[in-house]
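The values are calculated or read from the model by the stated rules, or taken from the named source; none is laboratory data. Please read all numbers here as calculations on a predicted model, not as lab measurements. In this analysis, Cβ positions are derived from the backbone assuming ideal geometry, glycine residues included, and neighbour counts consider all displayed protein chains.
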Amino acid sequence: MAPSNVKFLPGGVLYSDGLLEPRKTLKPRTTRKTQEIRRIQNPVPNALRAIKTLTAFSRRSHKKIDPKCYDCSPIITLVVGGEEVQLKAHKDLLVVQSAFFTTCLAAGMRESLENKIEFPTDDPMVFRILIHWLYTRRLPSVRNEDQNLIMMMAWIRVDQLMMLRFFPNDLIDEIAKYWQKNLVSPREFTLVLDHLTPHHQLYRLATECFVHDSTLKPRHYGNNDGSIQAWGPQMKAIVSRSDLPVEEMANTSLTVLNVSQAKRGSKKPGYRPEDYYIRDGTRQPAAR
C-alpha cells in the first residue's frame, strides 16, 4: 500500500507538499541489430582498430602486454652502444608506439630487410628501460642520481624516436617523484640545458625544481667551503652559460621566497606530475 500523501502519476510521484519527483527514464537498450548498423555506418579498418586497442590502455592500470599476441611478428634486434649490446623486441610492438620505428622498418628499408637497427652512440640502459616498459607498462623505481640521469636520458631520446605520449609521461612520473625527495643536482640540470629547449616539458620541470631547491636550500649549492654537497664549481659553470633562462629563474625564485615568507608552505614543483605531461595532439619540439 502506498502512503496516503503520495500519488503516482504518469510523469512521476506527487507528494502532499506539492513536490513532484520526475520518473526516472531508462536508457533505451541497444540491440544487436542496432550495434551492427552502427558498425556498418562507421567502418574502422582492422589494423587501425588493433592500434587503438593497444595504445588506448589506462595509464593507471599499467596493462601488461602479452608477448603471445606478437607470435607472428618478426623479432627486431637493436644494437646499442659502442659495445654493441643486442636487445630484441617484436616489430609490431615497436611500430605501434613509435613513428621512428615505423619509418625504419617500412618495406624496402635496409633495417626492414635485416631486422636490425643500430644505435652506436646511445646508452644500452635507455633501451633496456624502453623495451621493459613496452612489454610490462612499468618503470623501475629511481633510487639515486645516476638512475635518475638514465631516466632523463630516456625521456630526451623519446623525441628522436617520436614515441607516443604514454612512455614519456610515465618517465615524468618517476623523475618528479624522485625530485620530491631529493635535490636537483647541477649534473641533472646541465643535462637538461645541453639537450632540451624551454618548450620541452622536462626542461620546465627541471628548471622549476632547480630554482626551488637552490632558493630554499642555498647551502647545498654554494662554494666548496660553506656548501654541503660541494657543488660550487658546477654551479659556476651553470651560471656562466649563455643559454641560462635567467629572467624565468629569477621570477620563479621570487615567487618561492614570497610563498615561503608568508608561511603558507611552498610545495615543490612536480608534486602534480600531470602538469608536465605531453597532451593529446601536441608534438614535442626537436631536442638539440
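Quick notes on this one:
- Candidates LEU202, LEU196, LEU216, LEU171 - the one that is among the hydrophobic types (A, V, I, L, M, F, W, C), surrounded by 17 or more Cβ atoms within 10 Å (Cβ to Cβ) and free of Cβ contacts under 8 Å to residues at least 60 places away in the same chain: LEU171
- A Cβ distance below 8 Å, combined with a sequence gap of six or more or placement on separate chains, defines the contacts here; from segment 234-257, residues that are outside any helix (DSSP H, G or I) reach residues that are surrounded by 14 or more Cβ atoms within 10 Å (Cβ to Cβ) in the pairs ARG241/LEU193; ASP243/LEU193; LEU244/LEU193; LEU244/ILE238; PRO245/THR207.
- Test: residue in segment 245-265 that is modelled with pLDDT of 85 or more, surrounded by 11 or more Cβ atoms within 10 Å (Cβ to Cβ), within 26 Å of the chain's Cα centre (by Cα) and within 16 Å of VAL192 (Cβ to Cβ): no
- Residue list for segment 117-164, filter: closer than 16 Å to THR102 by Cβ and not hydrophobic (A, V, I, L, M, F, W, C): ASP159, GLN160
- Odd one out for ARG157, checked against (1) farther than 30 Å from LYS91 by Cα; (2) assigned to a helix (DSSP H, G or I); (3) of a type in the set (D, E, K, R): (1)
One line per residue, one yes/no per condition, for (1) touching a Gly at 6+ places or on another chain (Cβ under 7 Å); (2) at pLDDT 90 or above; (3) surrounded by fewer than 15 Cβ atoms within 10 Å (Cβ to Cβ); (4) of a type in the set (Phe, Trp, Tyr):
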position: PRO74; (1), (2), (3), (4): no, no, yes, no
position: VAL80; (1), (2), (3), (4): no, yes, no, no
position: LYS88; (1), (2), (3), (4): no, yes, yes, no
position: ALA106; (1), (2), (3), (4): no, no, yes, no
position: GLU114; (1), (2), (3), (4): no, no, yes, no
position: PRO120; (1), (2), (3), (4): yes, yes, yes, no
position: PHE127; (1), (2), (3), (4): no, yes, no, yes
position: ARG137; (1), (2), (3), (4): no, no, no, no
position: ASN148; (1), (2), (3), (4): no, yes, no, no
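- Of the residues examined, LYS177 is not one that is touching a strand residue (DSSP E or B) at 6+ places or on another chain (Cβ under 9 Å) and among the basic types (Lys, Arg).
- Scanning segment 104-144 for residues that are hydrophobic (A, V, I, L, M, F, W, C), part of a helix (DSSP H, G or I) and under 27 Å from ALA176 (Cβ atoms) turns up MET125, VAL126, PHE127, ILE129, LEU130, ILE131, TRP133, LEU134.
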